[in-house]
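In what follows, a single structure is set out as C-alpha cells and then discussed.
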Amino acid sequence: MSAPVHALGLDAAQGLHLTESFYWDLNDRTRAFTRRVMPKTPSNTPNMIHAGCYSATLHYLKTVMDMGAGEAKKSGAATVARMKKMPVEDDCFGRTAIREDGRNLTSALSARFSTASRSRGAEGRLASA
C-alpha cells in the first residue's frame, strides 16, 4: 500500500477506501514479518503480493518437511494433496486452510487511508472503515 501513497502523496490519498488481505502494520505478527523482510528490501515495504508468495512458499516447505523431501519429490499430486490437508499458519495471514479446489481464502481488510493530520508515519496509516 505504500506505493500508491507515495505516488499520490498522503494529502491526495487521505480518505481513499481499499480492500487488502495483508497490511504490514495490522498486528504483531504482520509487523514481525515486516521486520524480517525490511533489512533485505529497505525501500520496499511488503504488500499482499509479497505476503501471499511468502505464505505459499512457507506452506510448501512445511509440507515437504512433514512428508520428507524424498517422498515429496515422488509425486507433485501427493504433495499438493498433503498441502490441502495441512493447516496454513504464518505471520502474514494467521491460520487459514486450502480448499479442495486449491484456493486459500484469507480475511480481507476493508479500510481507508487516514487524514494527513492523523498519520503517524511517512506512508500513512489505515483507519478502519
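Observations, loosely collected:
- Just one of (1) in contact with a Phe, Trp or Tyr (Cβ under 9 Å, 6 or more places away or on another chain); (2) touching a residue at least 24 places away in the same chain (Cβ under 8 Å); (3) of a type in the set (Val, Ile, Thr) fails for Thr19. It is (1).
- Answer residue from region 67-102, given it is charged (D, E, K, R) and surrounded by 14 or more Cβ atoms within 10 Å (Cβ to Cβ) and is farthest from the chain's Cα centre (by Cα) among those: Arg82
- Matching helices (runs of 4 or more DSSP H) fully within region 1-74 where at least 2 residues are polar (S, T, N, Q) and under 22 Å from Ala97 (Cα atoms): 48-67
- The requirement of being of a type outside the set (Val, Ile, Thr) and over 28 Å from Ser119 (Cβ atoms) is not satisfied by Ala12.
- Residue match in region 48-56 (condition: loosely packed, with under 11 Cβ neighbours inside 10 Å, of a type in the set (Val, Ile, Thr) and under 30 Å from Leu8 (Cβ atoms)): yes
- Leading residue by the ranking (surrounded by the fewest Cβ atoms within 10 Å (Cβ to Cβ)) among those in region 4-43 that are among the aliphatic types (A, V, I, L, M) and over 18 Å from the mean Cα position of the chain (by Cα): Ala7
- Qualifying residue in region 75-89 (condition: outside any helix (DSSP H, G or I) and of a type in the set (D, E, K, R)): yes
A short reminder: the numbers here are calculations on the coordinates, not readings from a lab. Remember, it's a predicted structure, so these values are computed and weren't measured experimentally. Glycine gets a Cβ as well: all are built from the backbone with ideal geometry, and neighbour counts include every protein chain shown.
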